[in-house]
There are 2 protein chains.
Amino acid sequence: MSFTIWFMGRPAAGKSTLAKRVENVLREQGHHIENLDGDEIRKNLYPDLGFTREDRATNNRRTAFICKLLNRNDISVVTGMITPFRDAQQQAREIIESEGEFVLVYVKCSVEEAANRDPKNLYQQAQEGKIENFTGVNHPFQEPHNPDIVVDSEAQSVDESVAYVLHRLEELGVLETEYSSEYDFDLTVEEEDEIKGRLDDLGYLDD
Amino acid sequence: MSFTIWFMGRPAAGKSTLAKRVENVLREQGHHIENLDGDEIRKNLYPDLGFTREDRATNNRRTAFICKLLNRNDISVVTGMITPFRDAQQQAREIIESEGEFVLVYVKCSVEEAANRDPKNLYQQAQEGKIENFTGVNHPFQEPHNPDIVVDSEAQSVDESVAYVLHRLEELGVLETEYSSEYDFDLTVEEEDEIKGRLDDLGYLDD
């Protein structure tokens, strides 16, 4: 069955990076997959939409519809969207679940750390009042109630987060194969043990 | 290679009927195909769009982007859109051709005949001034300069038009197989000869 892996989180939390990495692994595994880039979607489909609460809801709803359209054609999707409101998180699930499996991945990151990365210098501009409705600065961000997967992009490296997402996708039954045999990190045994130890410390490998 | 078959023409010209029939044949032939229904697209993606010239251009451009998105994932598309303006017809081609083959099918039908069919009673309401910007009544309709296929839904039956579209798709190299061996009309030899004769009379089988 096709699926949509919806990475949500603050600006600069690492959504696109994770989505791209997970996309690559899934493609190598033979999955038919599309990466719906939020910026591309906005530019091509909704250049008129701003960042008010209503416009964000519209953006999320329309993107969910496109995910559904792809899923019903057996194309799986990864997408990174801030999705700052719980009702939009829930609505995305409802729209997509009629055609594919929906996996909400919360990419957790504090405002401080995200502002510290800030590749486009947006947090600073928002803090200076030059950007309105900027998530986490002068616009709300609601943590999801029921994410299927949570990664902590402050505590984990990208490799660790990717590994954890794949691990969880297997646990959830979304992926059938064992990533550990399919996905070669190019790590030594010691490094793998180190990662597993850290994931364990984070409480991710408890079950 | 994936393709988009874009049926354009006046309201009630028969675009959706033809798109649905061609979709069914292609699906039976094993093509991976999506039917982008204009009403569904508008309802889910652009409920805010009206029918001004600008809104129609936006609708056409966005739909073309979705066709492109599907085509780049090897999903072929049939869609029925009025597409009343030549620049939008041309723009759809430009957007889609980067990922798939674009086939513009002009479903020709006079205003009189379309108004006569008028399943939703829209022509009458437009003529009574109850609907603004209604194509062919109080809004322009520009015949395409370079359609890849023209069917005449007044002179031809639906079966004839479907057969002709498939025939032309083969000629254009979009379809590889001979529809005549794949597509069973459930017609007798006499009926097939009759159809071929009529298509010939219409100048469709000249080449």
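So A:Asp39 fits all but one of (1) closer than 17 Å to B:Lys68 by Cα; (2) in a helix (DSSP H, G or I); (3) out of contact with any strand residue (DSSP E or B) (no Cβ under 6 Å at 6 or more places or on another chain); (4) within 9 Å of chain B (Cβ to nearest Cβ); what number is the exception?
(4)
Which ones in the stretch B:23-34 are outside any loop (DSSP other than H, G, I, E, B) and more than 11 Å from chain A (Cβ to nearest Cβ)?
Taking the stretch B:23-34 first, the residues outside any loop (DSSP other than H, G, I, E, B) are B:23-28, B:33-34.
Across the stretch B:23-34, the qualifying residues are B:Glu23, B:Asn24, B:Val25, B:Leu26, B:Arg27, B:Glu28.
Considering only the stretch B:70-108, state which residues are within 12 Å of chain A (Cβ to nearest Cβ), under 25 Å from A:Leu49 (Cα atoms) and in contact with a strand residue (DSSP E or B) (Cβ under 6 Å, 6 or more places away or on another chain).
Scanning the stretch B:70-108 gives a single hit, B:Leu70.
For the stretch A:120-133, indicate whether the set of residues that are part of a loop (DSSP other than H, G, I, E, B), within 13 Å of chain B (Cβ to nearest Cβ) and in contact (Cβ under 8 Å) with a residue 12 or more places away in the chain is non-empty.
No - not one qualifying residue is present in the stretch A:120-133.
Can you go through B:Asn138, B:Asn116 and tell me which one is modelled with pLDDT under 95, more than 14 Å from chain A (Cβ to nearest Cβ) and either surrounded by 14 or more Cβ atoms within 10 Å (Cβ to Cβ) or within 24 Å of B:Arg21 (Cβ to Cβ) (or both)?
B:Asn116
Any residue at all in the stretch A:173-182 that is of a type outside the set (A, V, I, L, M, F, W, C) and modelled with pLDDT of 85 or more?
Yes, some residue in the stretch A:173-182 is of a type outside the set (A, V, I, L, M, F, W, C) and modelled with pLDDT of 85 or more.
What residue, of A:Arg10, A:Arg62, is among the basic types (Lys, Arg) and more than 22 Å from A:Gly136 (Cβ to Cβ)? Can you show your working first?
Details: A:Arg10 fails: more than 22 Å from A:Gly136 (Cβ to Cβ).
Among A:Arg10, A:Arg62, only A:Arg62 is among the basic types (Lys, Arg) and more than 22 Å from A:Gly136 (Cβ to Cβ).
Filter the stretch B:4-52 down to the residues that are under 10 Å from the mean Cα position of the chain (by Cα), surrounded by fewer than 18 Cβ atoms within 10 Å (Cβ to Cβ) and not basic (Lys, Arg) and list them by number.
Across the stretch B:4-52, the qualifying residue is only B:Thr17.
Just need a number here: residues in the stretch B:42-70 that are without any contact (Cβ under 8 Å) to a residue 40 or more places away in the chain and not in a helix (DSSP H, G or I).
4
Among the candidates A:Thr83, A:Thr79, single out the residue that is part of a loop (DSSP other than H, G, I, E, B) and buried (at least 19 other Cβ atoms within 10 Å of the Cβ).
A:Thr83
Tell me yes or no: at least one residue of the stretch B:55-68 is under 19 Å from B:Val165 (Cβ atoms) and either of a type in the set (Phe, Trp, Tyr) or modelled with pLDDT of 95 or more (or both).
yes
Select from the stretch B:42-69 the residues that are in contact with a strand residue (DSSP E or B) (Cβ under 9 Å, 6 or more places away or on another chain), within 13 Å of B:Met81 (Cβ to Cβ) and facing chain A (nearest Cβ under 9 Å) and list them in ascending order.
B:Ile66
Looking at the structure I just gave you, is A:Leu169 more than 14 Å from every other protein chain (Cβ to nearest Cβ) and crowded, with 22+ Cβ neighbours inside 10 Å? So that I can check it myself, show each step before the final result.
Values: more than 14 Å from every other protein chain (Cβ to nearest Cβ): yes; crowded, with 22+ Cβ neighbours inside 10 Å: yes.
For A:Leu169, the condition - more than 14 Å from every other protein chain (Cβ to nearest Cβ) and crowded, with 22+ Cβ neighbours inside 10 Å - is met.
So B:Ser2 passes all but one of these: (1) within 12 Å of chain A (Cβ to nearest Cβ); (2) under 21 Å from A:Ile95 (Cα atoms). Which condition number does it fail?
Only one criterion is unmet by B:Ser2, namely (2).
The values are calculated or read from the model by the stated rules, or taken from the named source; none is laboratory data. Computed from a prediction, not measured in an experiment: that's the story for all the values here. Here Cβ is always computed from backbone atoms with ideal geometry, including for glycine, and neighbour counts include all displayed protein chains.
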